[in-house]
Structure formats: C-alpha cells, structure tokens
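The values are calculated or read from the model by the stated rules, or taken from the named source; none is laboratory data. Everything numeric in this text was worked out from a predicted model, so none of it was measured. For neighbour counting, all protein chains shown are included, and Cβ atoms are generated from backbone atoms with ideal geometry for every residue, glycine included. All accessible areas refer to the heavy atoms of the entire protein, side chains included, with ligands and DNA or RNA removed. Shrake-Rupley method; radii C 1.70, N 1.55, O 1.52, S 1.80 Å.
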Amino acid sequence: MTTLIWIAAALVVIGVYLSWTAGRLDRLHSRIDAARAALDAQLLRRASVAQELATAGVLDPAASIVLYQAAHAARQVEEEHREVAESELSQALRAVFAEAPQVEAVREAPGGEESLGELTQAVRRVPMARRFHNDAVRAARALRRHRKVRWFRLAGHAPFPMAFEMDDEPPAVLADRTGR
C-alpha cells in the first residue's frame with residue numbers, strides 16, 4: 001500500500017513539474033508575441049518617418065527617391081521577405097544620411113529638427129525591439145530543445161519560434177545625435 005502511495009506521489013510531482021514547464025513555455029510564447037508586436041510597431045514607425053521625410057522635399061531628389069522606395073517596400077512587403085526589405089531600408093538610411101551636411105540640410109528646413117528627432121528615435125528603438133524579440137525567441141528555443149518538452153509535447157501546436165534577423169545598424173550621423 002505504501003508503495004502505491006509513493007508511486008502516486010511521484011506521479012503527482014512529475015505532473016506538477018510538467019504542468020509548470022508547459023505554463024512557462026506558454027508564457028515564453030506570449031512574450032514572443034508581445035515582443036514581435038512591439039518590433040512590428042517600431043519597424044512601421046521607422047518606415048513611416050523615413051517615408052514622410054522622403055516626401056517632405058527637404059532631401060535632394062535622388063536621396064528622396066532612394067529613401068521613399070526603401071520605406072515603401074518595407075511597409076508593403078510580404079512577411080516572408082520582411083527581413084530583407086527592412087535591411088534595405090537600413091542601408092538606404094545609411095546611404096542618405098552618410099554625411100553630416102545632409103543632416104544639417106534637413107535640420108534647417110521648417111520642421112526638420114522634429115523630423116530628425118523622430119527618425120533618430122525610430123532608428124534607435126528598432127535594434128532594442130529586435131533584441132527583446134530575439135532574446136525571447138532564444139529562451140523559448142532553449143526550453144523547447146529539452147527532451148521532456150519534446151517527449152511530452154508540451155509545446156502543443158505552437159510553431160517553432162523564429163528570430164528576426166536584419167541589418168539594423170543606424171546611420172552614424174543619427175547615432176551620434178542620440179546623446180543630444
């Protein structure tokens with residue numbers, strides 16, 4: 001009789017542990033969803049500010065076209081090509097704002113200081129949002145690699161989390177402005 005009690009107690013402890021692990025995995029998946037929504041919002045904000053700046057008439061025509069096309073592509077692209085389009089927007093921002101005179105020309109235009117401030121904040125927040133997302137993905141992947149999670153199918157039908165890899169290096173001139 002005591003053997004059955006010990007077996008039942010062991011099964012209860014194992015069940016509680018597996019339940020706790022499944023709950024933890026569920027919370028990590030929720031954290032990934034929230035981080036992805038925040039990342040999407042920051043990427044959309046960056047593309048919107050870049051597109052607004054490109055159409056404001058404060059940049060030279062070639063820079064406006066390059067920036068507008070990259071920002072438009074980043075906003076309209078399908079999900080499976082999003083990382084590439086966002087990387088191309090980062091490259092376009094670095095090309096347009098490669099030198100300080102371009103920043104000064106934007107700053108001297110009416111409303112230019114506010115536009116530069118918005119763009120600077122946007123290009124600074126994208127890497128942070130991406131880092132939060134990828135950290136949550138890394139934690140969920142580490143937990144999902146455990147045997148107990150695979151054997152007992154604790155992840156359910158949740159898709160395997162994927163990191164968001166893109167070039168998010170801000171233009172050097174705008175990165176220098178973040179301290180102002």
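Tabulated values for the structure
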quantity	calculated
Whole-number accessible area per residue in Å² for the range 17-175, which is evaluated in the context of all protein chains at 1.4 Å	55 Å²
For the range 26-65, diffusion coefficient by Stokes-Einstein and Kirkwood Rh (Cα), 37 °C, 0.692 mPa s, µm²/s	275 µm²/s
Distance between modelled label sites at V84 and I14, nm, 7 Å Cα→Cβ extension	4.8 nm
Total charge dipole magnitude, the chain, about the Cα centre, Cβ charges on Lys, Arg, Asp, Glu only, Debye to nearest 20	1580 debye
Span-rule helices in the chain, defined as complete DSSP H runs reaching 30 Å or more along the axis (Cα) with Kyte mean at least 0.5	2-55
Dipole-positive endmost among I65, A8, H29 within the chain (Cβ charges, Cα centre)	A8
Inverse of mean 1/r across different Cα pairs in the range 17-175, Kirkwood, Å	17.1 Å
Cα principal axis extents for the range 99-169, largest first, Å	63, 19, 13
Rounded FRET efficiency, nearest 0.05, which uses the C-beta distance separating I7 from A163 and R0 of 45 Å	0.60
For F97, residues with placed amide H under 5 Å, excluding near neighbours	none
Cleavage-rule hits, trypsin sites (Lys or Arg not before Pro), the range 90-179, DSSP coil, Cβ neighbours within 10 Å at most 16	R145, R153
Table column - 3J(HN,Hα) (Hz), the range 151-163, Karplus curve with 6.51, -1.76, 1.60, x for Gly and Pro	5, 9, 6, 6, 7, x, 9, 5, x, 5, x, 10, 6
Heavy-atom SASA rank of I5, I32 (probe 1.4 Å, accessible area, largest first)	I5, I32
Contact order normalised by residue count of the range 17-175, Cα under 8 Å, 6+ apart, percent	35 percent
With every protein chain in place, the range 17-175: carbon and sulfur % of accessible area (1.4 Å)	55 percent
